[in-house]
Amino acid sequence: MSMLRAAIIGARGIGKHHGKWLAYEGCEVVAIVGTSEETNAKTVASLKDLFGFSGRAYTSVEEMLRQEKPDLVSIASPPELHYVHALAAAAAKTHVMCEKPLVWHDELSPRELMGRAWEVVDRIEGVGLVGAINTQYVAALEPYYALAARLGIQRQAPRSLFMQMDSRGAHGPVAYEDIWRDLGPHPVSVMMAFCGYGRIDHKNLDVSCSESEFDAHFTYVPETGPPCECHLRTCNVPEGPLVRRLGINGHLMDYEGRADDNGVYRAWCTMEGEELWWDDFMQVSFRRFVAAIRGEERPLATLHDGWANLGFQLEILYAAKRV
């Protein structure tokens with residue numbers, strides 16, 4: 001099977017890990033797009049050290065698409081640019097992996113954002129291209145259930161769900177909107193993965209927020225199965241230990257990313273004294289994306305999932321704005 005040609009839009013931050021995992025999964029990373037020749041030079045040097053990048057650097061998405069004709073594009077640009085970059089990739093008929101949130105712009109209403117998000121879904125998945133959103137913590141369900149089975153915990157429908165996601169984020173004061181924009185898609189995606197598609201019961205939607213925390217409590221009503229009491233918590237923690245914890249019905253799993261004894265970055269998962277290594281969740285996300293392009297399986301989270309995720313994220317955010 002021929003090697004897939006990949007391009008990264010925005011490879012300085014999280015995008016460098018997009019490139020690393022795509023290369024690890026057998027793709028040829030042929031190009032990156034950055035904001036200037038100066039920043040591109042630094043990025044290229046970093047990517048050479050990280051995974052042996054030998055492709056070209058561009059400052060124009062359109063020129064890169066025209067010159068390189070990649071099979072797939074990974075979008076890791078600022079959220080405000082996701083929409084235009086996704087549509088450019090769609091026009092070039094490339095498969096798309098997009099960082100979360102699918103689209104964002106502080107000056108647009110929720111209705112306008114959801115319209116833009118649906119346009120991205122329609123222009124990519126609607127014409128048969130593979131689209132994925134990088135909400136990689138969906139991959140945590142497999143190790144969660146593996147640990148639960150080891151402990152003899154019976155698998156049951158979720159009636160309560162908790163996830164806390166800490167991040168270094170920005171030092172100093174941070175607006176609660178920024179915390180929820182950057183981290184909110186992860187607990188929302190885990191809720192959707194555990195419970196399936198559904199709706200939020202607004203009668204008991206309660207949100208509290210500050211410069212370092214965003215807490216949401218509500219009842220989630222899935223299309224099938226019982227209602228689930230959800231507590232989604234995201235925090236900006238500039239210093240000290242980070243908490244990344246998720247679970248259902250009171251059984252919680254902690255996650256930490258670190259290198260194993262062979263130097264491979266992995267997910268270290270623990271539950272009630274039981275531990276296991278797992279493939280890094282972002283690696284799983286990109287593995288499933290590449291496999292979907294090859295026709296082997298579904299992406300870990302599709303762009304349609306990203307559209308639904310954005311809807312929940314905006315519902316919860318605007319509940320906070322009304323407080």
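Here is a yes/no grid of residues against (1) within 25 Å of Trp277 (Cα to Cα); (2) at pLDDT below 95:
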site	(1), (2)
Tyr83	no, no
Ala90	no, no
His95	no, no
Val103	no, no
Asp106	no, yes
Val120	no, no
Val130	no, no
Pro143	yes, no
Mind checking whether some residue in segment 56-70 is hydrophobic (A, V, I, L, M, F, W, C), at pLDDT below 95 and more than 29 Å from Leu183 (Cα to Cα)?
-> no
Quick check, is Gly295 assigned to a helix (DSSP H, G or I), small (Gly, Ala, Ser) and modelled with pLDDT of 95 or more?
-> no
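On the basis of being surrounded by 15 or more Cβ atoms within 10 Å (Cβ to Cβ) and either touching a Phe, Trp or Tyr at 6+ places or on another chain (Cβ under 9 Å) or of a type in the set (Val, Ile, Thr) (or both), does Arg116 make the cut? Give the derivation first.
Values: surrounded by 15 or more Cβ atoms within 10 Å (Cβ to Cβ): yes; either touching a Phe, Trp or Tyr at 6+ places or on another chain (Cβ under 9 Å) or of a type in the set (Val, Ile, Thr) (or both): yes.
So Arg116 passes the test.
Please go through segment 289-303 and give me each residue that is touching a helix residue (DSSP H, G or I) at 6+ places or on another chain (Cβ under 8 Å) and surrounded by 22 or more Cβ atoms within 10 Å (Cβ to Cβ), ordered by number. Reasoning before the result, please.
First, the residues of segment 289-303 that are touching a helix residue (DSSP H, G or I) at 6+ places or on another chain (Cβ under 8 Å): 290, 297-303.
Correct list: Val290, Pro299, Leu300, Ala301, Leu303.
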Quick one: count up the residues across segment 19-72 that are under 21 Å from Ser2 (Cβ atoms), in contact with a strand residue (DSSP E or B) (Cβ under 7 Å, 6 or more places away or on another chain) and without any contact (Cβ under 8 Å) to a residue 24 or more places away in the chain.
-> 0
Residue in segment 312-323 that is nearest to the chain's Cα centre (by Cα), counting only those that are in a helix (DSSP H, G or I) and surrounded by fewer than 16 Cβ atoms within 10 Å (Cβ to Cβ) | Tyr318
Go through segment 78-113 residue by residue and tally those that are touching a helix residue (DSSP H, G or I) at 6+ places or on another chain (Cβ under 6 Å) and within 21 Å of Tyr176 (Cα to Cα).
-> 7
Breaking point among (1) over 30 Å from Lys93 (Cα atoms); (2) in contact (Cβ under 8 Å) with a residue 40 or more places away in the chain, for Ile293 | (1)
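The values are calculated or read from the model by the stated rules, or taken from the named source; none is laboratory data. Given the structure is predicted, the values throughout are model-derived calculations rather than measurements. Positions of Cβ are backbone-derived with ideal geometry, glycine not excepted, and every protein chain shown enters the neighbour counts.
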